[in-house]
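Working notes, structure below.
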Amino acid sequence: MTDHSAATLRSRYVAQAASDLEENRQRQQQLAERISVLKQEEALLAEILNLAERYEGFADASRLPEQLQDEPTVAKRKTPARAAARRPAPAKSTTATKTTKAGAKGKSHRPLLGDLLAELLGQYEEPRPAKELRDELLEKHPDRNPTPQVVRNTLESLVAKGRIRRHKHQRSVMYTLVEQGETDSD
């Protein structure tokens, strides 16, 4: 191999390595931006789940806390995913809002879904699957119509709070009520 051909080969390798390095850095930048967007989406979804769990017993917007109804949400930066996740709030007149709030104060609040499910579980000593609990809830409370996923999420929330216990048998998941005074060591 001559000095000229070795220099040409070396310059090709250097050019290829420089090109690959630049492409690698561009991909790293793209991935870093994508991770940032995904983290924003994660925070938004966690906030939505938190709010849904906190206010799952509210059937209509008139019964939500005043701040959530009257004050517009300020977003730091709208990403395409965040903008798609937001739904436009229905326009309300101030008079209608005040009337609705006044009417809501006189009404008694419906029990939370978690409380209803815990009450249903308390009637049984053996574990119950989420599907049966939902069917019984629909039968006893026809005004409530939670989806099967909402029932499962609510049950899992109660498990996390230590109010009910999860039992797994093969692919089935069933739940029982934790009696007061009962500890995890039982």
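The values are calculated or read from the model by the stated rules, or taken from the named source; none is laboratory data. Values in this document were obtained by computation on a predicted structure and should not be read as measured data. Here Cβ is always computed from backbone atoms with ideal geometry, including for glycine, and neighbour counts include all displayed protein chains. Ligands, DNA and RNA are excluded from the accessible area calculation, which covers all protein heavy atoms including side chains. Shrake-Rupley method; radii C 1.70, N 1.55, O 1.52, S 1.80 Å.
Of note:
- Against the criterion of being at pLDDT below 90, part of a helix (DSSP H, G or I) and either among the polar types (S, T, N, Q) or open to solvent by less than 60 Å² (accessible area, probe 1.4 Å) (or both), Thr95 qualifies.
- Check on Ser5, farther than 29 Å from Arg144 by Cβ and either part of a loop (DSSP other than H, G, I, E, B) or at pLDDT 90 or above (or both): no
Residue-wise test of (1) out of contact with any helix residue (DSSP H, G or I) (no Cβ under 7 Å at 6 or more places or on another chain); (2) at positive phi; (3) not in a helix (DSSP H, G or I).
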| position | (1), (2), (3) |
| --- | --- |
| Leu117 | no, no, no |
| Glu125 | yes, no, yes |
| Asn145 | no, no, yes |
| Arg152 | no, no, no |
| Leu158 | no, no, no |
| Glu179 | yes, no, yes |
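- Residues that are open to solvent by less than 60 Å² (accessible area, probe 1.4 Å) and assigned to a loop (DSSP other than H, G, I, E, B) within segment 160-177 comprise just one, Gly162.
- Selection of first residues in segment 133-159 that are more than 17 Å from Gly122 (Cα to Cα) and of second residues that are open to solvent by 60 Å² or more (accessible area, probe 1.4 Å) and in a helix (DSSP H, G or I), restricted to Cβ pairs under 7 Å at least 6 apart or on distinct chains, gives the following pairs, ordered by first then second residue: Pro148/Lys131.
- Among (1) open to solvent by 60 Å² or more (accessible area, probe 1.4 Å); (2) at pLDDT 85 or above, the one test that Glu41 misses: (1)
- Pro142 falls short on exactly one of the conditions (1) open to solvent by 90 Å² or more (accessible area, probe 1.4 Å); (2) touching a strand residue (DSSP E or B) at 6+ places or on another chain (Cβ under 6 Å), and that condition is (2).
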